[in-house]
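Heads up: the structure comes next, in structure tokens.
The values are calculated or read from the model by the stated rules, or taken from the named source; none is laboratory data. The structure presented is a predicted model; accordingly, all values stated were derived computationally and were not measured. Please note: Cβ atoms are built from the backbone with ideal geometry, for glycine as well, and neighbour counts cover all protein chains shown.
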Amino acid sequence: MMSVLRRSCHAILNGPVCAVLLTVLSVGCRDAEGDPVALILAGDAEALALGEDLRTLPDLAARAGVTPDMRGALDLWESSWDEEPSEGTVLRREAYERAAPELARVLGVVEARRLSSALGEALDAIAAAEPLPADPRIEAGVRRASALHERLEAALEGSEVDRALVYAMEASDALREVSPAEVVRSLVSRAEAALASGESLTDQDQDRVARLIEGAESALAARDWSRAIQRAFYASRLLEP
């Protein structure tokens, strides 16, 4: 079973989120009766999903009021998620650096401390959760966020507000990269691109993929991680060559 899943995942999602998906799918293959994705994500998903609630660069820019100085940083941040993971991380770091001075000027130390508190609570919840999937990328993402939180606290102690905001944004995105919602976004994005490219599908299969994508997005909005990944994964399966 896993060889089929690996081929499908590689064809649709050749990146770090694929490893997260394979981890949770392998749990389903071992434990579920019948449907191999019946047990995709359990309690640990709720902890990993906390990264979705942390403020990102667009959130902070909206609070501060988007200025021309921040417009370029926002565009860079948005486009970074379409790049290979390592390149995306580099581009986002550049975006943080561009936006931080203006964000620090407008939002100040109060917002930086609020971000640090929210990040600390998320990391505590992840540490207290059931064992997370034993995937090195998840572990690395959580470790990276934890290390950045320590740097954030040190920057606040030194009254370096712009530096603290850089670390806060980077840590939030580190957790977002391994969140179940990002698994869904990645799968849906690639499924939509395949549909738009005119893949050789029957009309019936095109309708099925479109319905699955719609169902995945609806479940994602409802924070139903298991159902969202199910729908997105099955959409990707239908697009296999």
Are there any pairs, at least 6 apart or on different chains, whose C-beta atoms fall under 7 Å, with the first in the range 203-222 and under 11 Å from LEU238 (Cα atoms) and the second of a type in the set (D, E, K, R) and at pLDDT below 85, and if so, which? LEU212/ARG231
Checked the range 144-170 for anything charged (D, E, K, R) and assigned to a loop (DSSP other than H, G, I, E, B); matches are GLU160
Going by the conditions given, is ARG93 under 26 Å from ARG190 (Cα atoms), of a type in the set (Lys, Arg) and either assigned by TED's automatic domain parsing to the domain that holds SER146 or assigned to a helix (DSSP H, G or I) (or both)? yes
Would you confirm, using the coordinates I've provided, whether ARG211 is assigned to a helix (DSSP H, G or I), at negative phi and surrounded by fewer than 16 Cβ atoms within 10 Å (Cβ to Cβ)? yes
Do you know which residues across the range 214-234 are crowded, with 20+ Cβ neighbours inside 10 Å and charged (D, E, K, R)? ARG231
Confirm whether ARG163 is modelled with pLDDT of 85 or more, among the charged types (D, E, K, R), surrounded by fewer than 18 Cβ atoms within 10 Å (Cβ to Cβ) and out of contact with any Ser or Thr (no Cβ under 8 Å at 6 or more places or on another chain). no
